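The values are calculated or read from the model by the stated rules, or taken from the named source; none is laboratory data. Computed from a predicted structure; not experimentally measured. For neighbour counting, all protein chains shown are included, and Cβ atoms are generated from backbone atoms with ideal geometry for every residue, glycine included.
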Amino acid sequence: MKDNETEFELSQEDFDFLRGHVTKLTGIQLPDHKKALMYTRLARRLRALDLPSFKEYRALIDQQLRVGNNEELLNIVNAMTTNVTAFFREAHHFDELTKALPALLEKFGRVRIWSSASSTGEEPWSIAMTVAEFKKNNPHADIKIVASDIDTQAVEKCKKGEYEMSEEDFKKIPLLKTYMEEYEQPEPSISVRSGFKKAYRIKQELKRSVDFKNINLLHAPFPLPYDRLHVIFCRNVIIYFGKDTKTALFKQFAELMEPEGLMMIGHSESLMGINGDFELLGKTLYKRKS
Ligand SMILES: C[S@@+](CC[C@H](N)C(=O)[O-])C[C@H]1O[C@@H](n2cnc3c(N)ncnc32)[C@H](O)[C@@H]1O
């Protein structure tokens with residue numbers, strides 16, 4: 001892959017070695033056309049480590065693995081995950097959640113929600129805002145939310161609840177104004193300094209409503225704070241997995257979920273041919289069969 005524009009050579013052998021590790025660790029499949037993506041994401045690691053080539057990078061990983069050190073593999077996981085997300089992405093899921101809460105509370109007395117690939121937090125905080133609105137009229141409703149991701153840096157960002165966005169985007173979603181506030185960054189980023197974006201953070205009153213974990217969806221049993229779940233958001237992550245990984249994951253989800261529980265998946269994902277325990281209710285919305 002070395003030409004005049006690329007700094008490091010990424011041979012097919014290097015690519016196969018690295019993608020093998022990524023798939024083994026995360027379930028994320030990297031077909032040949034993702035070679036350029038891998039180059040861009042990992043060239044940064046080579047620069048940070050001051051390494052001259054991907055060959056040396058492989059040697060470093062091998063050397064670490066020989067002594068049981070996973071440090072660089074963890075950096076690869078964080079670099080290779082795609083964290084694209086947004087507040088109230090696929091907004092109908094949040095309306096469906098609000099509609100489903102009364103029946104779930106009536107049947108189970110409590111509702112436990114898991115945002116299982118929560119990326120940088122926009123999804124779990126949108127769930128928390130939806131639940132906070134519901135609680136205005138149902139103050140005693142016992143609802144808890146846990147959010148998790150494999151990417152340790154993304155989980156840290158989730159916890160902080162600090163985001164940059166344009167004022168225009170912020171104003172497009174009225175609930176953001178209720179549950180977030182503008183704040184002054186100690187060291188403002190370029191986008192904030194230049195006025196393209198503003199810094200907003202989740203208000204303290206909402207901060208306590210989400211529990212955060214670092215969980216790999218490949219490794220059941222999952223270290224969740226609840227035994228049973230009533231709602232799972234698993235959106236825009238299985239698109240990267242192979243069929244066997246998806247099948248195994250939804251078998252685990254089915255075991256953890258109460259009958260009638262809600263499962264939300266991403267806009268281009270489907271459970272067709274993957275698991276018979278879930279019944280399609282609407283667009284990318286399923287329920288755990290009784
Ligand atoms: C595109 S984001 C989706 C975020 C959010 N669910 C949404 O729909 O907006 C995909 C997320 O899946 C996470 N991910 C990838 N493989 C994973 C795994 N094996 N276990 C847990 N999370 C994983 C990535 O780190 C990334 O944050």
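The figures follow:
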{"read-out": "Selection status of Glu71, in the same structural domain as Gln153 (by TED's automatic domain parsing) and among the acidic types (Asp, Glu)", "value": "no"}
{"read-out": "Sole residue being within 30 Å of Gln12 (Cβ to Cβ) and modelled with pLDDT of 95 or more, chosen from Arg110, Arg58", "value": "Arg58"}
{"read-out": "Residue list for the stretch 224-248, restricted to those being in contact (Cβ under 8 Å) with a residue 40 or more places away in the chain, under 15 Å from the mean Cα position of the chain (by Cα) and closer than 19 Å to Ala147 by Cα", "value": "Ile232, Phe233, Cys234, Arg235, Asn236, Val237"}
{"read-out": "Any hit, the stretch 256-273, residues being among the charged types (D, E, K, R), over 22 Å from Ile127 (Cβ atoms) and in contact with a strand residue (DSSP E or B) (Cβ under 7 Å, 6 or more places away or on another chain)", "value": "no"}
{"read-out": "Hits in the stretch 172-191 - residues which are more than 22 Å from Pro124 (Cβ to Cβ) and assigned to a helix (DSSP H, G or I)", "value": "Ile190, Ser191"}
{"read-out": "Neighbours by Cβ (under 8 Å, 6+ apart or cross-chain): first from the stretch 73-90, under 16 Å from Glu164 (Cα atoms); second near the ligand (Cβ under 6 Å from one of its atoms)", "value": "Asn83/Ser119; Asn83/Asp151; Asn83/Ala154; Val84/Ser119; Val84/Asn236; Thr85/Ser119; Thr85/Glu123; Thr85/Asn236"}
{"read-out": "Hits in the stretch 104-119 (condition: within 16 Å of the ligand (Cβ to nearest atom) and free of Cβ contacts under 8 Å to residues at least 40 places away in the same chain)", "value": "Ser119"}
{"read-out": "Evaluation of Pro225 against (1) in a loop (DSSP other than H, G, I, E, B); (2) buried (at least 17 other Cβ atoms within 10 Å of the Cβ) (one fails), failing number", "value": "(2)"}
{"read-out": "Considering residues of the stretch 89-110 that are out of contact with any Asp or Glu (no Cβ under 8 Å at 6 or more places or on another chain), buried (at least 19 other Cβ atoms within 10 Å of the Cβ) and among the hydrophobic types (A, V, I, L, M, F, W, C) only, the residue farthest from Met180 (Cα to Cα)", "value": "Ala100"}
{"read-out": "Glu72 vs. criteria outside any helix (DSSP H, G or I), of a type in the set (Asp, Glu) and surrounded by 15 or more Cβ atoms within 10 Å (Cβ to Cβ)", "value": "no"}
{"read-out": "Residue satisfying all of: in the stretch 1-23; of a type in the set (D, E, K, R) and modelled with pLDDT of 95 or more; nearest to Val237 (Cα to Cα) among these", "value": "Arg19"}
